[in-house]
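Below is one structure, written out as structure tokens; comments come after it.
Quick note: the coordinates plus some simple rules give every number you see, no bench work behind them. Because the structure is a prediction, the values reported are computed rather than measured. Note: ideal-geometry Cβ built from the backbone for every residue, glycine included; neighbour counts use all protein chains shown.
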């Protein structure tokens, strides 16, 4: 298997590794809509989900790991041909790692808070709610959604610019990456609204942006497998 083929399969595997558990969480946990519910409802629903829900969160955090390898291999193949690729690779790897760390709170932190909420007295329940909200704002909003998504958007835009200038890939693929990045960036309005009440929110942008981004990854991986362009 040559490097281009390997990158193609890694992109497809990583995108599916994110998409499949994300879809499962929608059925098992009503995610992401449930995050707009009261904290007590979230913790109660998590506890009711049991081990299956916990393992689905673990899968969501880690099954996108092939994207890390794909980003590194793409960087190694293209950095000698375009000066921005090394920076793009750094942003991409950092963004994916930060998002994984943020998501792993659902596997190793939230279960403790959900158990405390459902089995403790009123004081314990209030403490669990307070702790969840702090951890969610830190690991979820700040790390995973803000820094993680912005870094991933930076990787996408810089990589797409390099591919365009190197004449690698069709125009529609670069347009898809740009549109996905713009829509994904618009989802930051919902994060700002958590600290700046009254901020206009584009509630649809998060799901639409992430879906378009995964579609771009799948499309890029498929195109690389079919065309196997020279990347060096």
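In the elastic network of the chain, a GNM with C-alpha springs shorter than 10 Å, the most mobile of 148, 75, 83 is 83.
Structural descriptor for segment 3-227: relative contact order 25 percent, calculated from alpha carbon pairs under 8 angstrom and at least 6 residues apart.
Taking Cα atoms only, the orientation of helix 149-165 departs from the longest principal axis of the chain by about 10 degrees.
Considering the values (i) 19.9; (ii) 19.4; (iii) 18.6, which represents Kirkwood radius over Cα pairs in Å as calculated for the structure under consideration? Derived directly from the coordinates: (iii). The long axis of helix 122-135 is offset from the longest Cα principal axis of the chain by roughly 20 degrees.
In the elastic network of the chain, a GNM with C-alpha springs shorter than 10 Å, the most mobile of 77, 116, 37 is 37.
Ranked by how many other Cβ atoms sit within 10 Å of their own Cβ, fewest first, the residues 160, 199 fall in the order 199, 160. In this label model, residue 189 and residue 80 are separated by 4.6 nm, measuring between points 7 Å along each Cα→Cβ vector. The C-alpha atoms of the chain define a longest principal axis, and helix 39-62 lies at about 30 degrees to it.
One chain, two ends: residue 72 and residue 133. Fully extended at 0.36 nm per residue, the span grows by 18.5 nm beyond their Cα-Cα distance. Which residues in segment 77-113 have a backbone N closer than 17 Å to a point placed 7 Å from the Cα of residue 166 along the Cα-to-Cβ line? Within reach of a label on residue 166, which here means backbone N under 17 Å from a point 7 Å along Cα→Cβ, segment 77-113 contributes 77-93.
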